[in-house]
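One structure is given below, encoded as structure tokens.
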Amino acid sequence: MAGVGAGPLRAMWQQALLLLALCTTGSRGLYFHIGETEKRCFIEEIPDETMVIGNYRTQMWDKQKEVFLPSTPGLGMHVEVKDPDGKVVLSRQYGSEGRFTFTSHTPGDHQICLHSNSTRMALFAGGKLYREERFRLTSESTNQRVLWWSIAQTVILILTGIWQMRHLKSFFEAKKLV
């Protein structure tokens, strides 16, 4: 969830999720958005001994550019799955993009909940990283201009010194002091 573009802290954080559930009847997919602090749960009837695979990707929605941007490192997704008896089958923190899998051992309605591990501090960190990068580029540019200005001043001083030496030499030769 990276903060790129003007006003990254004002951008609306969303995660695009692609969840692929493989059941005995075939595969199905879901695509939905979750806000930064939202938790999204859905219930899926899953037969006994069925492997479920979910693929997901977290991204940031930039309102100004109206595009999805890559996520900031360190931000990701927390996935929790409960079986029909309410027993936790899977509860794990994942990165910003990846896959989770679990196998159902009890037939029935499984509750699958996803939410971002982002916080306001993470949002702040993303904006801070963006500002630090911009500041670093500005500093490097300024440093380069200062270097070239210093070189130009040195060349001007050397040329002025050479001109003064010649002028003084010709002055003293004209006065017959040398």
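Looking at the range 31-118, how many pairs of lysines come closer than 26 Å at the Cα, when each pair is eight or more places apart or spans two chains?
Final tally of qualifying lysine pairs is 4.
Excluding ASP109 itself, what net charge comes from residues whose Cβ is under 14 Å from its Cβ, given Lys and Arg +1 and Asp and Glu -1? Walk me through the numbers on the way to the answer.
On the way: positive: LYS82, LYS87; negative: GLU44, GLU45, ASP48, ASP83, ASP85.
With Lys, Arg at +1 and Asp, Glu at -1, the neighbours total -3.
Can you check what the Kirkwood hydrodynamic radius comes to for the range 31-118, Cα pairs only, in Å to one decimal?
13.9 Å
Straight distance only, please: which lysines reach the Cα of LYS175 with their own Cα at less than 29 Å, same-chain residues fewer than 8 apart left out?
Within the straight-line limit of under 29 Å, LYS175 reaches no lysines at all.
List the aspartates and glutamates whose Cα sits under 19 Å from the Cα of LYS128, skipping any in the same chain fewer than 8 residues away.
GLU36, ASP62, GLU140
Would you work out which of ASN117, PHE42, PHE102 lies farthest towards the positive end of the dipole of the range 31-118, given +1 charges on the beta-carbon of Lys and Arg and -1 on that of Asp and Glu, about the Cα centre?
Looking along the dipole axis, the top candidate is ASN117.
How big is the charge dipole of the range 31-118 about its Cα centre, in debye rounded to the nearest 20, if each Lys and Arg gets +1 on its Cβ and each Asp and Glu gets -1 on its Cβ?
Numbers: 9 positive and 13 negative charges, 83 e Å.
With only Lys, Arg, Asp and Glu charged at Cβ, the dipole is about 400 debye.
Read the figures in this text as sums done on the coordinates, not as results from a lab. Bear in mind that the values here come from a model prediction, so they are computed numbers and not experimental data. So basically every Cβ, Gly included, is an ideal-geometry build from the backbone, and we count neighbours across all protein chains shown.
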